1. Those residues that are under 17 Å from residue A:61 (Cβ atoms) and surrounded by 24 or more Cβ atoms within 10 Å (Cβ to Cβ), I need them from region A:131-151; list them, please.
2. Could you please give the count of residues in region B:34-50 that are among the aliphatic types (A, V, I, L, M) and either more than 11 Å from every other protein chain (Cβ to nearest Cβ) or part of a loop (DSSP other than H, G, I, E, B) (or both)?
3. So the check is Cβ under 7 Å with 6+ separation or different chains; which pairs have a first residue in region B:16-33 that's at the interface with chain A (Cβ under 7 Å from one of its Cβ atoms) and a second one that's acidic (Asp, Glu)?
4. Which residue pairs have Cβ atoms closer than 7 Å, lie 6 or more positions apart in sequence or on different chains, and pair a first residue in region B:51-71 that is at the interface with chain A (Cβ under 10 Å from one of its Cβ atoms) with a second residue that is in a strand (DSSP E or B) and surrounded by fewer than 20 Cβ atoms within 10 Å (Cβ to Cβ)?
5. Quick test for you: out of A:123, A:162, pick the one residue that is in a helix (DSSP H, G or I) and closer than 30 Å to residue B:15 by Cβ.
6. Please identify the pairs in which a residue from region B:99-112 that is within 18 Å of residue A:160 (Cβ to Cβ) has its Cβ atom under 6 Å from the Cβ atom of a residue that is surrounded by fewer than 18 Cβ atoms within 10 Å (Cβ to Cβ) and not aromatic (Phe, Trp, Tyr), counting only partners at least 6 apart or on another chain.
7. Does region B:89-106 contain any residue that is over 16 Å from residue A:121 (Cα atoms) and in a loop (DSSP other than H, G, I, E, B)?
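What follows is calculated from the coordinates using simple rules that are stated; it is not laboratory data. Quick caveat, the model's predicted, so the values are computed rather than measured. FYI the Cβ positions are ideal-geometry reconstructions off the backbone, even for glycines, and counts take in every protein chain you see.
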Amino acid sequence: MEITERSLWTLIHGMGFGALYLLACAGALVELYRRYAPGDERSVTARDEVFLRTYLMVMAVLAWLAVLSGAYIIYPWYRAAAPAGTTDLSGFPQKLLMASPRTIGWYSMGMEWKEHVAWLTPISITMAAVVFLHYGREIKNHPSLRSAVLGFTLISFVAAGIAGFFGAMLNKNAPVQGGATITMMQGEK
Amino acid sequence: MSAQSKGNGGGLPNGAGAAAILAAGIGSFALAVLAIAADKVAAIKSLMIFWKPTGPLSGVTTCTIVVWLAAWLVLDRSWTKRDVALARVSTVALTLLMLGLLLTFPPIADLL
C-alpha cells in the first residue's frame, strides 16, 4: 500500500482539514441555533460557553489550515507548467483538465470557483469565533448578533461544501500526484 | 449605521460584534472584486502575483485579508464602546457576503 507525497498532502488538506471543518460546522450551527436562542430560558453554563469558544476557535484554525495548505502547497502542484512537448500530462493536473473538452469545465468553472470561494470560510468563521469569544453566553441578549453569526457560519458551511465538492471531483478527474512514494503497508501476495 | 446610546441594558454594547460582522462582509466582497479584477485586467493580474507558484491567487487573497483586517480595525475603534443599529449592519454585511459568494461563481463573474 503506497501513497505519493503529493497525494498525502491532498488527503490532509481535503479530509484532514476540509472534511473535518464541514463536520464541525454542522455541530456549531446546531449548538448556536438551539442553545443560544434568545427565547430559550435554559441556562447556558460557563462550561458550555468555554466549550463553544474552544470549538469555534478550533474550527477557525481548521479553516485557515485548509485554505493555506490548498493555496500554498497543493495549488502550485496543480497549476505547474508542463515543459514544451510534454505528452504525458498526468503530472500537470490543470493542463490535463484543459486538454479535453470533457474535463475543461472542471478547470474553468470548478477550480476557478473553488480557489476563491473557499476563502469565505476562514473569514466568516474567524469572525464568528471572535464574536463568541467576546460575548459568550451574552449573545442570547443580542438576537441580531446571533442571527448574523449564524448566517455567516451557514455561508461558511456552503462555501466549504462547494470547495470540498469541486476538490473531490478535480482530484478524481486529474489527481495531484507525484513526489516521494511512501509505503504504508506491505501487502500479502 | 447611526450610533445609539451606550450600553445594552447593562450588558456589553453590540458595537464590537457589529464591527466584526461588517468587516467580514467587506472582506468577502473585496475577495470577489479582487478576483474579478485580476481575471479581467492583465495589469492587475500580474500585480497580484505575490508568489509565483500560486500565481494571482496569492495577491488576491493576501489583499483580501489586508482589506478585511483593516476594515475590522477601523470599525472596531469607532464602535467598540457603543451600540449601533445592528439589524441594519447585519443586513448590509450579509448582503456583501452573498454578493461575495455569487460574484466568485465564474458564470456570474463572466457576465461583468
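1. Passing the criteria: A:131, A:132.
2. Kept after step one, since they are among the aliphatic types (A, V, I, L, M), are these residues of region B:34-50: B:34-38, B:41-44, B:47-49.
Those left that are additionally either more than 11 Å from every other protein chain (Cβ to nearest Cβ) or part of a loop (DSSP other than H, G, I, E, B) (or both): B:37, B:41-44, B:47-49.
Qualifying residue count, region B:34-50: 8.
3. These pairs meet every condition: B:16/B:76.
4. B:58/B:51
5. A:123
6. Here the result reads B:102/B:108, each pair linking region B:99-112 to a residue that is surrounded by fewer than 18 Cβ atoms within 10 Å (Cβ to Cβ) and not aromatic (Phe, Trp, Tyr).
7. No: zero hits.
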